[in-house]
Amino acid sequence: MELKISAARRATIQPDMIGLFFEDINYAADGGLYAEMIENRSFEFVRAGGDAKDYYFEYDGLYGWSSYPKDAPVCLRTVQGSPLSEENPHYLRVTTHQQKTGFCNQGYSGIALKQGMDYHITFFARCVSYQGNFRAEIVKDGKCYAFDEVSCEAYSEETYNYFRRYHLNLHADEDITGAIFVLLLTGEGTVEFDFISMFPKDAVAGIFRKDLFDALKALKPGFLRFPGGCIVEGNTLSNRYRYKDSLTEPWNRKNNWNRWAVHENCRENNFCGKYSHYNQTLGLGYYEYFLLCELIGAKPLPVMNVGFACQYQSTEQIAITSPEFAMFVQDTLDLIEFANGDTNTIWGAMREEMGHPEPFGLTLLGIGNEQWQTEQADFFERYMAFEQAIHDHYPSIRLIGSAGPDITSARYTAAWDFYREQADKKDFVYAVDEHYYVKPEWLYDHADFYDNYPRDVKVFSGEYAAHPKSGMNRPDANTLEGALSEAAFLTNLERNADVVVMASYAPLFARLDYAQWSPDMIWFDETKVYPTASYYVQQLYSCNMGNVTLDTFGQEKEAAKEGLYYSVSYCEKEEEVILKIVNANEEARTVLLQVEEGLIPHRNGNYRAKTLAAAKTNEEMRQTENEEIYRSLLPEAVSVTESEGVLANAMTLPGKSFTVVRF
């Protein structure tokens, strides 16, 4: 194939076009990016059950905790009375009748230590009738791998109700997985405990699990949309994500059950599934999300609830005429003040108190998550109410609207009719959020999807992913074929950058054996991160974006018939042409580039390329530490290889590959 590239510029590409979508699904926050290693640290976990329109939860404060040793004369009870935190009223009352006994926590699939790493322990304790020491240990099969001890009098501070704060440090001399955290009393007596926490020393900003953080930063994302997703709404309004609950000390953040705790509940599992104890500590709160954006160089894009519970699961809503709805709107205005306000404002002062006097620079805001209009659900009216209130106070904030959960139904059409009817209103909507979880074939077949879109209202491709397979705990659903179809579809987004201004894959994270949704971009366990082919597609895009597209004389449709999908951009800063091209064929294809004279006058006629394809040799696989697990995650192990060549020669594209070429 001969590919002609013109010097003519076409569409401007937004510098933050390729971003990330974070939702606390698949244990992405607690048990994932949030580096806390103790599960149910404040003894507030609940067990959620039920089905659509009939959800419930029951308190299960000892979840994850048990006496230690197993048959020791120890009494564990969760009680109320004089709590460390009014928001989390339960705490643990421990009575021991034998020295060096206590209680333990299993963490998320076991505690893992890394050789040479220190781990910081924090807990609050109130000695009811106890004189002695507290000893923390990491134990596996009866053997202690790390420990530290502190006197009950050696506390760092005391609260108004006599809970005292203790600090310990554990040092790991070797790697270990599958261990438990143990807290022992060296003598007999009764002690009350709350907020028992364990973080690795290398947690970024003391908050984020480093390897997962590094995987995000390596993507160089333009934005981060958070905190979801369906948890924005909740399966009931009572369990929606309330960001103000997170703007305080971690031990004061009100525990909540996670909307995904009830995913796939059915009669066969008695409407109580495997993840019924999936809770949210809100340790990863809005301050932490904003901080994460700053640290990875992404624009923050928080999404606000408009007074609906999840429309898939509930008809619950707050009436638009009610005082409660006005509070939803006010919460949004307060959030903008928290992110951007001077420190002499109420919410700006709170941001300063939390450690960040400088504004976070919020410019983007989502109004509703995956909402749509029905006879009962007046989403359009709600959007207009939010838009007017926000722009009356903050006219420069760019708003993201919703086109609903798909791109094929009448609700999608109605949404676009609504936004386009308002297109003459300045800044009414910056972009409309479209979602598609589809078969790879659909992405290939619709690689021209945006070619004929009207240009008056912009698009945010907010949740997309190829689904060769779906289901819970299916890392095998992340296939190379799915990733290549995503790369092919992204060529369409980039070519149409004058209408598509933002794009993000979803979901972002999934913990092995804790996943409600598959496929996902990044899988992980307690010690390792497993990027998928979809991850590398995102990275090759986000790290290789020009600022303007180039004309290729309309060859795209003919190329697609031959299983080749491409887009071409130009980076004016580096004066480079960037070609992204997918070869969806099993066999290799050759492409000869014909570049218009004068486009790259200073170049020596050479190019550099990075190619994502199936790993060709076992030797390439042996270069990874986790060959066995990596192979189990992906039906075809993948690699990204680098090469160079001469533009005057034909370029060979391997079968089933995605290549980025710069010259």
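The values are calculated or read from the model by the stated rules, or taken from the named source; none is laboratory data. For clarity, every value in this text was computed on a predicted model and none was experimentally measured. Neighbour counts are summed over all protein chains in view; Cβ atoms, including those assigned to glycine, are modelled from backbone coordinates with ideal geometry. Accessible surface areas use protein heavy atoms only, side chains included; no ligands, DNA or RNA. Shrake-Rupley method; radii C 1.70, N 1.55, O 1.52, S 1.80 Å.
Beta bridges from DSSP with both residues in the chain: antiparallel share about 75 percent, rounded to the nearest 5. Amide H contacts of GLN280: ASN256, TRP257, ASN258, each under 5 Å away and 5 or more positions distant or on a separate chain (H built 1.01 Å from N in the peptide plane; Pro and chain starts excluded). Less than 5 angstrom separates the built amide H of LYS458 from those of VAL432, all sequence-distant by 5 or more or on a different chain. Only Lys, Arg, Asp and Glu carry charge here, each on its Cβ (+1 for the first two, -1 for the last two); on that basis region 326-382 has a dipole of about 80 debye about its Cα centre. Applying the Karplus relation 6.51 cos²θ - 1.76 cosθ + 1.60 with θ = phi - 60° to region 275-287 yields 3J(HN,Hα) values of 10, 5, 9, 6, 10, 10, 7, 6, x, 8, x, 5, 4 Hz, where x marks Gly and Pro. Since only PHE22, VAL529, LEU399 are under comparison, the one whose Cα sits farthest along the positive direction of the charge dipole of the chain, derived from C-beta charges on Lys, Arg, Asp and Glu, is VAL529. Note that region 40-45 has calculated 3J(HN,Hα) couplings of 6, 5, 10, 6, 10, 5 Hz, one per residue in order, obtained from phi through the Karplus relation 6.51 cos²θ - 1.76 cosθ + 1.60 (θ = phi - 60°); glycine and proline are x.
Using a 1.4 angstrom probe on the protein heavy atoms only, line up ASP16, ASP445 by accessible area, largest first. Could you put the intermediate results ahead of the total?
Values: ASP16 15, ASP445 115 Å².
So the residues, ranked largest to smallest area, are ASP445, ASP16.
Residues whose amide H falls under 5 Å from that of GLY102, counting only those 5 or more places apart or on a different chain, are TYR68, LEU185, with hydrogens built in the peptide plane. Once you order the gyration tensor axes a ≥ b ≥ c over the Cα atoms, which shape class does region 317-463 get: rounded for a/c under 1.5, otherwise prolate or oblate by comparing a/b with b/c? It comes out prolate by the Cα gyration axes.
Oblate is the label for region 300-345, because a/c, from the alpha-carbon gyration tensor with a ≥ b ≥ c as root eigenvalues, is 1.5 or above and a/b does not exceed b/c. Once you sort the root eigenvalues of the Cα gyration tensor of region 169-287 as a ≥ b ≥ c, which label holds: rounded (a/c under 1.5), prolate (a/b larger than b/c) or oblate (the other case)? In terms of gyration-tensor shape, oblate. The heavy atoms of THR527 present about 60 square angstrom of accessible area, all protein chains included, probe 1.4 Å.
Within the accessible area of the chain, what % is carbon and sulfur when the probe is 1.4 Å and the other protein chains stay in place?
Numbers: 12150 of 25840 Å².
Result for the chain: 47 percent of the exposed heavy-atom area is carbon or sulfur.
Normalised by the number of residues in the chain, the average gap of Cα pairs under 8 Å and 6 or more apart makes the relative contact order 15 percent. With unit charges on the beta carbon (Lys/Arg positive, Asp/Glu negative), name the residue among THR315, TYR243, GLN115 whose Cα is farthest towards the positive pole of the charge dipole of the chain. The Cα lying farthest towards the positive end belongs to GLN115. Counting heavy atoms of the protein chains alone, LYS210 has an accessible area of about 80 Å² for a 1.4 Å probe. Each peptide in 356-362, 609-615 was scored by the mean count of other Cβ atoms within 10 Å over its residues; highest first, the order is 609-615, 356-362. The distance separating the Cα centre of region 137-157 from that of region 518-584 comes to 49 Å.
What does the charge add up to near TYR541, with Lys and Arg as +1, Asp and Glu as -1, over the other residues with Cβ less than 9 Å from its Cβ? Working shown, then result.
Numbers: positive: LYS580; negative: GLU494.
For residues surrounding TYR541, the net value is 0.
Taking all protein chains together and a 1.4 Å probe, the residues ASP520, ASP424, ASP118, ASP51 rank ASP424, ASP51, ASP118, ASP520 from largest to smallest accessible area.
Each residue of region 404-414 is assigned a 3J(HN,Hα), and the resulting list reads x, x, 8, 10, 10, 9, 5, 5, 5, 4, 5 Hz, derived from the Karplus form 6.51 cos²θ - 1.76 cosθ + 1.60 (θ = phi - 60°), x at Gly and Pro. Among 465-477, 295-307, sorting by the average number of other beta carbon atoms lying within 10 angstrom of each residue, highest first, gives 295-307, 465-477. Separation of the alpha carbons by more than 22 angstrom is noted, of LYS70/LYS143; LYS143/LYS528; LYS210/LYS656; LYS114/LYS274; LYS469/LYS580; LYS220/LYS439, for LYS143/LYS528; LYS210/LYS656; LYS114/LYS274; LYS469/LYS580; LYS220/LYS439. Taking packing as the residue-averaged number of other Cβ atoms within 10 angstrom, the listed peptides 349-355, 247-253 run from highest to lowest as 247-253, 349-355.
At 222 nm, what helix-only mean residue ellipticity would the chain give, in deg cm²/dmol to the nearest 500, using -39500 (n - 2.57) for each DSSP H run of four or more? All intermediate terms of the calculation are to be shown ahead of the outcome.
Numbers: 12 runs with 122 residues, N = 663.
Theoretical 222 nm ellipticity from helices: -5500 deg cm²/dmol.
What is the magnitude of the charge dipole of region 1-82 about its Cα centre, with +1 placed on the Cβ of each Lys and Arg, -1 on the Cβ of each Asp and Glu, and no other charges, expressed in debye to the nearest 20? Could you put the intermediate results ahead of the total?
Values: 8 positive and 13 negative charges, 80 e Å.
Here the size comes out at about 380 debye.
Keeping all protein chains in place, calculate the accessible area per residue for region 252-293 (probe 1.4 angstrom), answer in Å².
On the way: 1370 Å² over 42 residues.
Here the per-residue accessible area is 33 Å².
Magnitude of the charge dipole for region 1-44, about its Cα centre and with charges confined to Cβ atoms of Lys, Arg (+1) and Asp, Glu (-1), is about 640 debye.
Accessible area per residue for region 51-124 in Å², computed with a 1.4 Å probe and the full protein assembly in place, what is it? Working shown, then result.
Numbers: 3660 Å² over 74 residues.
I get 50 Å² per residue for this part.
What is the distance in Å between the Cα centres of region 344-406 and region 42-113? Region 344-406 and region 42-113 have Cα centres spaced 37 Å from each other.
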